[in-house]
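Trainee: Shown below is the structure under consideration.
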Amino acid sequence: TLRMTEKEETMDISDNQDSAQSAKKNGRTSLLDSGEDFEVLNEEDIDDDPPPLEDAGGGKLKSEEQNGKENVDTDSDPSGPVEEWLDVLGNDQLKKKVLEPGKGRDSRPQKGQNVRIHLKSFLTDGTPVQEQRDLCFTLGDGDVIQALDLTVQLMEMEEKALIQTDAKYAYGTRGSVDPEVPPNAELSLEVELLEATDAPDLELLPPVEKIALASHKRERGNVHYQRGDYAFAINSYGIALQITESSSKVDISAEEEKELIDVKVKCLNNMAASQLKLDHYDAALKSCVSALAHQPENIKALFRMGKVLALQGEYTEAIQTLRKALKLEPSNKTIHAELSKLVKKHSEQRGAEQAMYKKMLGNPSSNSTQKHRAKSSWGLSWKWLFGATAVAIGGVALSVVIAARN
Ligand SMILES: *[C@@H]1O[C@H](CO)[C@@H](O)[C@H](O)[C@H]1NC(C)=O
C-alpha cells in the first residue's frame, strides 16, 4: 500500500492503470482487472451462448407490435414464460431476460450488499469481451458498469440472465482498453448470480481492510473520472470518504490512521477535480478546504484551490494560494504558469477597474471652462485677466523665494 501511496502522490488521477494492477496484486477484482480470467471462446461456443443482438432487434419489433403487453413483469413469476425481455428502464436501452430462473423473488440481493457473479460479456456481433467467474462488487456503489448495478438488483439467487445494454450503461462513447470495448458499443452480458452477503460492518473492519476498501472505491472514482463520468466519480469518492470517516471499534495504529487520512485527502482532491469539471465551484472549494484542514501543505489541494478561486474571480486569494503552493514546490512549471497567468489577469482586471473609476469620477478637463469663458462678457474677461496677471506675478514671486532658498 505504501508503494501505491508514493506513486499516486505524483500521478494524481491518471494512476488508473497502475491502481488496476495493484488491485490485481491485492487480490481484488473489478471489471477492469480481469485479464487473468479472460477466456477466448470459439466461434461455435458463441452460437449457443447469448443470442446476438438481432434478437434484441426482434424484441423491439415485438414490443412495438404488442403494445400494452410490454410491462409484463416476467421475472416476478419464475414459473411463467422466461423468454420475455424486461425493459428495465423503460427506454429500450437496458433489457433483461431470464435464462434460468433462480430461487424466487425473496432471494434478490439488496443494494449495498456484496454480490458475486459469473459474468460473460459479448459485443453484438458475438465477439467475446471478457469472462469473470467470480466478479465481486458492492451492489449499487458504481463499482461496475451501470448495466450490472441496475440489473443484478432484479436477479434472484442462482438465476442466469441475459442482459442487453446500450453503450450508455456500459462503456459509453469512449469505450475501454481493458476490457477491450470499442466506443459506443452495445453489449450482451450473460450473468449468473452466485452469492450475496451483507457488507462488512465498517466499525469492526480491521484498519488494513478499511484502508484497502476506501482505496478501492477511490480507484473506481478514478475510472469514472477518466471516462468523463464526473458525477459517478464524485459518488465513488464520496463512498470512499465515508469509509475513511467511519468510526472504529477496533484498535488502529498511528501509522494506519495516517494512511487513512492520506486516502481521505486524495479522495477530497480528486473530488474537487471532478466538481471543478462540473463547474461546481463552491463544492470544489469546500473539498479543497477539507483536504487542507488535514494537510495544510498539500500542493495538489493548494493548486486546485487556487484554480477554483481564480474561476470565482477571487484573484488576490487565488494568487496567495498559488504562491504558497509554489513555495513548497518551486520548480513546478505548471504552478508557475498558472500563477503568472493569474497575476497578469489580476493586473489587467485592476487596470480595467481604474479606468472605470476614472470614467465614473469624470475628468475635469479645461474644455467646458473654456467654452464658458468664451461666452462671458468683457467685464468678466477683464476681471479674469487681472486675476490671471495677479496669479502670474504671485508665481514669479514664489519661484524667486524658492530660488533664494536654494
Ligand atoms: C505540479 O503541480 C501540480 C499540482 O500539484 C501537479 O499536478 C503536477 O504534476 C506538478 N508537476 C510536476 C512537474 O511536478
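Trainee: When the residues of the range 218-269 are filtered to those that are more than 11 Å from the chain's Cα centre (by Cα) and of a type in the set (Asp, Glu), which remaining residue is nearest to residue 283 (Cα to Cα)?
Mentor: 245
Trainee: So, residue 287, is that one buried (at least 24 other Cβ atoms within 10 Å of the Cβ) and either within 29 Å of residue 229 (Cβ to Cβ) or away from the ligand (no atom under 12 Å from the Cβ) (or both) or not?
Mentor: When the stated conditions are applied, residue 287 passes them.
Trainee: Going by what's in this entry, would residue 274 be described as in contact (Cβ under 8 Å) with a residue 24 or more places away in the chain, exposed (fewer than 15 other Cβ atoms within 10 Å of the Cβ) and either under 21 Å from residue 224 (Cβ atoms) or more than 16 Å from the ligand (Cβ to nearest atom) (or both)?
Mentor: It is false that residue 274 is in contact (Cβ under 8 Å) with a residue 24 or more places away in the chain, exposed (fewer than 15 other Cβ atoms within 10 Å of the Cβ) and either under 21 Å from residue 224 (Cβ atoms) or more than 16 Å from the ligand (Cβ to nearest atom) (or both).
Trainee: Looking only at strands (runs of 3 or more DSSP E) that fall completely inside the range 91-147, which ones have 3 or more residues that are at pLDDT 95 or above and within 24 Å of the chain's Cα centre (by Cα)?
Mentor: 128-138
Trainee: Can you tell me which condition residue 303 does not meet? The list is (1) loosely packed, with under 11 Cβ neighbours inside 10 Å; (2) within 15 Å of the ligand (Cβ to nearest atom), and all the others hold.
Mentor: Exception for residue 303: condition (1).
Trainee: Step by step: first the residues of the range 183-217, then only those that are outside any strand (DSSP E or B) and of a type in the set (S, T, N, Q), then the one that is farthest from the chain's Cα centre (by Cα). Which residue is that?
Mentor: So the first thing to find is which residues in the range 183-217 are outside any strand (DSSP E or B), and the list is 183-186, 198-217.
Remaining after also requiring of a type in the set (S, T, N, Q): 184, 215.
Details: 184: 21, 215: 16 Å.
The residue in question is 184.
Trainee: Consider residue 218 carefully, then state whether it is at pLDDT below 95 and farther than 30 Å from residue 103 by Cβ.
Mentor: No, not satisfied.
Trainee: Sort through 322, 328, 268, 276 and tell me the only one that's in the same structural domain as residue 212 (by TED's automatic domain parsing), farther than 28 Å from residue 211 by Cβ and at pLDDT 95 or above.
Mentor: Matching residue, one of 322, 328, 268, 276: 322.
Trainee: Scanning for something among the hydroxyl-bearing types (Ser, Thr, Tyr) and more than 24 Å from residue 112 (Cα to Cα), does the range 231-248 turn up at least one residue?
Mentor: First pass over the range 231-248, keeping only residues among the hydroxyl-bearing types (Ser, Thr, Tyr): 236-237, 244, 246-248.
If we keep only those that are more than 24 Å from residue 112 (Cα to Cα) as well, we get none.
For the range 231-248, residues among the hydroxyl-bearing types (Ser, Thr, Tyr) and more than 24 Å from residue 112 (Cα to Cα): absent.
Trainee: Any residue at all in the range 151-160 that is surrounded by fewer than 16 Cβ atoms within 10 Å (Cβ to Cβ), β-branched (Val, Ile, Thr) and within 26 Å of residue 91 (Cβ to Cβ)?
Mentor: The answer is no, given that none of the residues of the range 151-160 is surrounded by fewer than 16 Cβ atoms within 10 Å (Cβ to Cβ), β-branched (Val, Ile, Thr) and within 26 Å of residue 91 (Cβ to Cβ).
Trainee: Does residue 340 count as within 16 Å of the ligand (Cβ to nearest atom), farther than 22 Å from residue 296 by Cβ and either assigned by TED's automatic domain parsing to the domain that holds residue 297 or acidic (Asp, Glu) (or both)?
Mentor: The answer is yes for residue 340.
Trainee: If I filter the range 315-334 down to residues being more than 12 Å from residue 305 (Cα to Cα) and assigned to a helix (DSSP H, G or I), which single residue comes out as farthest from the ligand (Cβ to nearest atom)?
Mentor: 316
Trainee: Still on this structure: Give me a count of the residues in the range 155-182 that are touching a strand residue (DSSP E or B) at 6+ places or on another chain (Cβ under 6 Å) and part of a helix (DSSP H, G or I).
Mentor: Of the residues in the range 155-182, 1 are touching a strand residue (DSSP E or B) at 6+ places or on another chain (Cβ under 6 Å) and part of a helix (DSSP H, G or I).
The values are calculated or read from the model by the stated rules, or taken from the named source; none is laboratory data. Predicted model only: the values in this text are computed from it and were never measured. Note: ideal-geometry Cβ built from the backbone for every residue, glycine included; neighbour counts use all protein chains shown.
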